[in-house]
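Here is the structure we will look at, set down as structure tokens.
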Amino acid sequence: MDRQNNGRNLTQQLVHTLGAEIAGGRYRCGEGLPSEAVLCEEYGISRSATREAIKMLTAKGLVSSRPRQGIRVQQREQWNLFDPDVLDWILRSGPSLEMLREFLQLRMAIENDAAALAASCRDIGKVMEIGLALQRMKEAEEGFSDPVEADIAFHINILNATNNPFYIQLGSFIETALRVSIRFTNRIKGVETASYANHRKLFDAIDRGDTEGARSASATMQAEALALIESELAARALAPAPAEEMAGTA
């Protein structure tokens with residue numbers, strides 16, 4: 001293992017390596033991880049660094065470490081999905097459609113009310129930041145800006161415009177998951193950019209202080225994205241089973 005990797009020390013590197021391997025299925029839920037001694041040898045780091053990495057993974061809910069039971073992978077229900085590292089590991093390993101649906105359901109609960117609160121606060125400086133992100137989305141439609149980064153900036157700036165620290169601190173979680181869900185929903189729609197017109201409606205409602213208009217515009221966008229996921233799940237449910245599966249049930 002390299003001494004430095006993306007600015008991480010050896011402990012942090014091991015946390016990210018093991019976290020990604022757990023999320024990717026190398027170590028399955030309920031199964032044991034190698035002992036600290038084996039991990040030290042495999043990754044070439046000290047026992048203290050390994051022990052600290054296991055503590056960090058335990059804090060994230062991925063593993064438990066108990067005397068005579070060793071290090072075991074926790075069930076996914078125990079993982080801290082609001083931890084950006086955990087969510088990033090899951091998303092990089094290839095999230096299921098069901099998980100993307102669950103994320104969109106959570107976004108509907110969070111972002112619709114956040115949009116209404118941003119409209120109620122009507123913080124001019126922060127509304128301007130939403131507008132700048134919206135302009136980047138317009139430029140993305142014309143090929144002059146990154147569409148995913150512009151879309152993410154738009155939604156994060158709405159959270160910031162609530163002036164509520166709880167909403168604001170959800171920004172890193174929302175950003176991490178948006179990087180996957182935006183690309184996926186755009187791919188289903190057959191486009192590379194999000195709808196500027198729909199985002200403009202949301203911005204205009206916030207800009208004029210229309211709380212219910214902002215809530216409604218946000219809900220419309222979330223519902224459209226959720227409908228895409230639901231239609232894809234329905235299509236997959238109706239698709240014929242692969243030949244090998246059918247042979248196995250004969």
Springs between alpha-carbon pairs under 10 angstrom, Gaussian network model over the chain: which of Glu21, Glu230, Glu42 fluctuates most? Glu42
Among Gly25, Gly131, Gly171, which one shows the highest mean-square fluctuation when the chain is modelled as a Gaussian network with alpha-carbon springs under 10 Å? Gly25
With a Förster radius of 25 Å, plug the Cβ-Cβ distance of Ala239 and Arg76 into 1/(1 + (r/R0)^6) and report the FRET value to the nearest 0.05. 0.45
Using the per-residue mean of other Cβ atoms lying within 10 Å as a proxy for protection, in what order, highest first, do the peptides 112-120, 217-225 fall? 112-120, 217-225
Quick check: pseudo-label points 7 Å beyond the Cα along Cα→Cβ at Ser96 and Ser65, how many nm apart are they? 3.0
Per-residue ellipticity at 222 nm for the chain, helices alone: DSSP H runs ≥ 4 residues times -39500 (n - 2.57), over residue total, nearest 500 deg cm²/dmol? -22500 deg cm²/dmol
Of Phe203, Phe166, Phe184, the one that fluctuates the most in a GNM where the chain has Cα springs shorter than 10 Å: Phe166
Would you please give the residues with an amide H less than 5 Å from that of Ile71, counting only those at least 5 places away or on a separate chain, with H modeled from the backbone geometry? Leu33
List the GluC sites (Glu not before Pro) in region 119-168 that DSSP assigns to loop (not H, G, I, E or B) and whose Cβ has at most 14 other Cβ atoms within 10 Å. Which are they? Glu142
Sequence-distant or interchain residues sharing an amide H contact under 5 Å with Val63, placed H: which? Thr58, Gln74
Those residues of region 119-162 whose amide nitrogen sits under 16 Å from the label point placed on Asp204, 7 Å along Cα→Cβ: 131, 134-135, 138
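Quick one: compute the contact order of the chain, relative version, from alpha carbon pairs under 8 angstrom and 6+ residues apart, as a percent.
Relative contact order for the chain comes out at 19 percent.
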Nearest 10, in degrees from 0 to 90: the angle of helix 47-59 to the longest Cα principal axis of the chain is 40
Considering amide H positions built from the backbone, and no H for Pro or chain starts, which residues 5 or more places from Ser195, or on another chain, come under 5 Å of its amide H? none
For the chain, the longest principal axis of the Cα atoms and the Cα long axis of helix 171-189 enclose an angle in degrees, to the nearest 10, of 70
What is the angle, in °, between the Cα long axis of helix 147-160 and the longest principal axis of the Cα atoms in the chain? Nearest 10 is fine, range 0 to 90. 80
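Readers should treat all values here as calculations from the given coordinates under stated rules, not as data from a laboratory. It should be emphasised that the depicted structure is a prediction, and the values quoted were computed from it without experimental measurement. Don't worry about glycine lacking a Cβ; one is built from the backbone with ideal geometry, like all the others, and counts go over all protein chains shown.
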